[in-house]
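In what follows, a single structure is set out as structure tokens and then discussed.
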Amino acid sequence: MIRQTSYAAYAYRNGVRLKRLQCTSAPSITMNADADIKSSCTVEILTDDEVDWLSDELRPFWIEDGEEFPFGAFRVATVTESVTDQGRVARLEAYDKCYSVKACRTESILHLAAGAGYIQTIQAMLRTCGAELTLTTASSQTLQTDREDWDVGTPYLEIVNTLLKEINYNELWFNPNGYAVLEPVPELTAANIRHTYDGGSRASIVRRDRSWTTDAWEKPNVFVVICSNPDLEEPLTATAVNDNPQSPLSTLRRGMRVVQVSKIDNIASQAALEEYAARLCSQSALTGETVTIQTAITPGHGVGDVVGLNLGDLQGIFQETGWSVTLGAGQLMRHTLRRVLYG
């Protein structure tokens with residue numbers, strides 16, 4: 001059966017669809033998990049004076065057999081206009097809502113009181129930046145000390161990501177519908193795989209390229225984390241050891257302990273510090289091997305998703321560090337993945 005595919009781009013005002021835009025090129029979207037602002041979008045449209053890009057949002061959609069799939073909610077940063085045979089054309093360069101959170105800065109010394117909930121504090125900051133809708137995994141962690149850590153003019157995104165790190169949550173990102181996502185860092189295991197590519201579905205692999213470096217020798221397998229802060233009664237210390245016999249990096253397999261010592265300024269609790277050390281241990285399983293694959297356009301990819309591949313000689317668990325797509329007929333979606341040594 002032949003699928004009917006197309007795309008659309010809409011202007012949204014106050015969260016409500018305002019109108020469909022007349023595109024002169026297909027929207028292109030890129031995600032980079034290592035960037036502060038995780039995703040961006042470019043598209044060319046016929047200039048529409050009814051839309052106010054200082055406040056309205058750009059939202060591209062992939063349409064498959066009549067069903068629309070969102071590919072992000074973006075704030076337009078740059079509008080470049082030109083006159084062509086098609087009329088007045090505007091090239092839009094836009095970024096996800098992390099752009100707004102980064103643009104919003106403290107206007108005075110920010111005071112955070114000891115005992116305040118981390119999640120509640122972060123949500124209040126996001127509301128200040130106009131990002132009121134969140135998909136949140138609850139946490140009972142609270143600030144252990146009064147905080148005035150940030151200078152006047154510090155971007156709220158920097159503060160939010162610092163607080164998220166202290167409770168072992170992912171950096172802030174926004175899902176395809178424009179909701180802020182506050183969630184713990186996932187373990188890089190088979191239980192957390194969000195997408196599987198095995199060549200047997202419509203999103204089967206079209207082409208793959210592989211590049212890698214051998215960097216496992218110096219990778220640590222013992223992780224010591226120290227939180228030393230004058231406002232704490234005493235320094236906190238946590239240690240995580242990779243002793244998994246399935247891991248080539250483990251103390252058991254290598255017959256040696258390779259120690260990494262990290263120092264941090266703040267953490268939510270001793271338990272959070274132990275989780276932090278465990279996360280460093282888990283993330284050390286990411287190798288230098290990078291795999292780039294191209295698939296049919298598949299909605300639903302977020303930031304840092306765990307991906308399973310079962311493609312003959314290419315099998316295993318991977319973390320998605322980036323993806324890009326142009327929402328046009330016959331186009332492919334490109335995924336950049338890093339292999340996990342065990343899961």
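Quick look at the numbers
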| item | result |
| --- | --- |
| Residues that are at pLDDT 95 or above and either open to solvent by 50 Å² or more (accessible area, probe 1.4 Å) or touching a His at 6+ places or on another chain (Cβ under 9 Å) (or both), drawn from the range 37-53 | 44, 50, 52 |
| Condition met for residue 266 (polar (S, T, N, Q), open to solvent by less than 50 Å² (accessible area, probe 1.4 Å) and within 21 Å of residue 339 (Cβ to Cβ)) | no |
| Restricting the range 58-90 to residues that are polar (S, T, N, Q) and modelled with pLDDT under 95, the residue that is nearest to residue 7 (Cα to Cα) | 86 |
| Only one of 127, 105 that is without any contact (Cβ under 8 Å) to a residue 12 or more places away in the chain, surrounded by fewer than 20 Cβ atoms within 10 Å (Cβ to Cβ) and more than 22 Å from residue 324 (Cα to Cα) | 127 |
| Residue tally, condition of a type in the set (S, T, N, Q) and either under 24 Å from residue 64 (Cβ atoms) or over 24 Å from the mean Cα position of the chain (by Cα) (or both), over the range 311-337 | 4 |
| First in the range 231-260 and touching a residue at least 12 places away in the same chain (Cβ under 8 Å), second anywhere and in a loop (DSSP other than H, G, I, E, B) and open to solvent by 50 Å² or more (accessible area, probe 1.4 Å), Cβ under 7 Å, 6 or more apart | 232/144; 247/341; 248/341; 249/341; 250/243; 251/243; 251/257 |
| Inter-residue pairs, beta-carbon under 8 Å, first in contact (Cβ under 8 Å) with a residue 60 or more places away in the chain and in the range 58-69, second open to solvent by 60 Å² or more (accessible area, probe 1.4 Å) and outside any strand (DSSP E or B), 6+ apart | 64/3; 64/4; 65/3; 65/4; 66/4 |
| Enumeration of residues in the range 269-284 that are open to solvent by 70 Å² or more (accessible area, probe 1.4 Å), within 10 Å of residue 168 (Cβ to Cβ) and out of contact with any strand residue (DSSP E or B) (no Cβ under 6 Å at 6 or more places or on another chain) | 275 |
| Single residue of the range 140-178 satisfying the filter (open to solvent by 80 Å² or more (accessible area, probe 1.4 Å) and assigned to a helix (DSSP H, G or I)) that is nearest to residue 114 (Cα to Cα) | 165 |
| The lone exception for residue 329 - which of (1) over 18 Å from residue 185 (Cβ atoms); (2) in contact (Cβ under 8 Å) with a residue 12 or more places away in the chain; (3) among the hydrophobic types (A, V, I, L, M, F, W, C); (4) not in a loop (DSSP other than H, G, I, E, B) it fails | (4) |
| Hits in the range 130-163 - residues which are under 24 Å from residue 71 (Cβ atoms) and either at pLDDT 95 or above or in contact with a strand residue (DSSP E or B) (Cβ under 8 Å, 6 or more places away or on another chain) (or both) | 131, 133, 134, 135, 136, 137, 157, 160, 161 |
| Single residue of the range 293-330 satisfying the filter (of a type in the set (Ser, Thr, Tyr) and open to solvent by 20 Å² or more (accessible area, probe 1.4 Å)) that is modelled with the lowest pLDDT | 321 |
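The values are calculated or read from the model by the stated rules, or taken from the named source; none is laboratory data. On a predicted model such as this, the values are computed, not experimentally measured, just so you know. Quick reminder, even Gly has a Cβ in these numbers, built from the backbone with ideal geometry, and neighbours come from all protein chains shown. Heads up: the accessible areas ignore ligands, DNA and RNA and are worked out on the full protein's heavy atoms, side chains in. Shrake-Rupley method; radii C 1.70, N 1.55, O 1.52, S 1.80 Å.
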